[in-house]
Each structure stands twice: as C-alpha cells, then as structure tokens.
Amino acid sequence: MFILQAELINTNLSMMSFQVTPETTQNKDQLLDYFRQRGEEKLSELRQEIGNQNYKKLAEGVNKSTGEALDTFKLVIINESSKNQWTGEISLQLDLHATIKGTKVNIDFKSGFGSNEKGNTNRLLIVATIYKNLEDKYQNVLLVRAREDLNNHYFRILRDSEVWQAYCGEEAYGKIGDFTGFDLRRWISENIDWDHDLLTQTLHHLSKNNLMGYLEW
C-alpha cells in the first residue's frame, strides 16, 4: 500500500493523502473526492496569494495543479502495480504484445461488444492508460471483428479515448493487413463458406438461437 501525500505534487497541503491500492484506484467516488479536495485546497491557497478577483488566474492555477496531481497519481499507480504485482487485481495482459516495424504494439482482439462490457471496458481503459504512461512508447490497438453497427457504445468509448486505436469490421481487417502484409479478409472470402462448411443441424441451431452473427467474418 502507498499513501500519496500532497508533498509529492509540490504543494504544502500536508493534510491531504490517498491510500493507493488496487481497490481505491478503481473507486470512482474516492478518486473524485481526492481530486475535489485537492482543487479546493489549491483554490484557497491561490486566493491567499492573489486575492479573489482574478478569476482567470485562479482557474488556471487550479487546473494546472489538478493536472500535475493527475500525472503524479498515474506514475504512482504504475510504480505500485509493478512493485506489488497488481496484475492479480488488474491484469495487464492483452492478446498480443509485439514489436512491429520498430514500434512496440499491444493488441487486443474481440469478436464484438455486447451489453455486458462495462467491466471489461474499464479494465481496457486502465491497462491502456498504464502502457501509455510508461517510458517506452506503446501503441495500443483494439481489433474488433463485428461491424460498428453491431457493437454498442462501449466500443465507441474505447475508440474515442486517447489511449486506444480501435478498429472494427473492414477497418480491423485492413489494420491486420498493415501489420502482417497478409490480406486476411480476402483469404476468408475465398476459402470459407459457412453455409456449406457447417452441418445443417449446426446452422439450424445457430439460426434458432439468433447466433448467426457469429458467422459474419
């Protein structure tokens, strides 16, 4: 366990602290409370220094201080997770870790995003953020088989984040081609025909249970 004291973020707010553990770093209420307190303390400090009239400087000071606190907080999480092997709590493992064309790449593959993806989406955001803040420059790539209209909003959350490069459907196959030099989409089209490759009873079972989408490769 690590206690993040305010001195670590270059302030005199010695009464502020935050116990950094796998549980607290995933507790939204505790995190918000910590940074809210940090902002309020910094605002009070700035008001003593420059008064209460220059709202622009007050806002700039609070924003800068909060940004510095967040950067330090990320570094502490990375160090603690590495030192104490938090991977049992937050798995940093993705489907593929490789160096491609001189770039370190972390790749995660998914069939699609359904209704129960909140927990996995949060984990992917945490893991990608950790890799993005390491000294080595990592590229985090998410490849999703299903087309965008077959995915829910959790895919779009990851795609629109600053820590993932997310591709789905044809774009995902295009990215695989960029990495490997192999046209996987063309190979599938020329070599796989589910209607003839699968047994009739298998197709009937998939159709009856609304699972035919899994055959859309």
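The values are calculated or read from the model by the stated rules, or taken from the named source; none is laboratory data. If you're wondering where the values come from, they're calculated on a predicted model, not measured in any experiment. In this analysis, Cβ positions are derived from the backbone assuming ideal geometry, glycine residues included, and neighbour counts consider all displayed protein chains. Heavy atoms of the whole protein, side chains included, go into the accessibility calculation; ligands, DNA and RNA do not. Shrake-Rupley method; radii C 1.70, N 1.55, O 1.52, S 1.80 Å.
Brief remarks follow.
- Cβ-Cβ contacts under 6 Å between residues 6 or more apart (or on different chains), taken from a first residue in segment 201-217 that is open to solvent by 50 Å² or more (accessible area, probe 1.4 Å) to a second residue that is modelled with pLDDT of 85 or more and of a type in the set (A, V, I, L, M, F, W, C), are listed as Met212/Leu206; Trp217/Ile188.
- Hits in segment 171-197 - residues which are in a loop (DSSP other than H, G, I, E, B) and either in contact (Cβ under 8 Å) with a residue 12 or more places away in the chain or under 30 Å from Thr103 (Cβ atoms) (or both): Gly181, Phe182, Asp183, Ile192
- Spans of strands (runs of 3 or more DSSP E) in segment 94-167 with at least 1 residues without any contact (Cβ under 8 Å) to a residue 24 or more places away in the chain and open to solvent by 50 Å² or more (accessible area, probe 1.4 Å): 96-100
- In segment 54-68, the residues that are assigned to a helix (DSSP H, G or I) reach residues that are among the small types (Gly, Ala, Ser) and surrounded by 12 or more Cβ atoms within 10 Å (Cβ to Cβ) with C-beta atoms within less than 9 angstrom, at least six apart or across chains, in these pairs: Val62/Gly39; Asn63/Gly39; Ser65/Gly39; Thr66/Gly39.
- Cβ separations smaller than 8 Å between residues 6+ apart or across chains give the following pairs from segment 29-49 residues that are assigned to a helix (DSSP H, G or I) to residues that are of a type in the set (Lys, Arg) and open to solvent by 80 Å² or more (accessible area, probe 1.4 Å): Leu46/Lys57.
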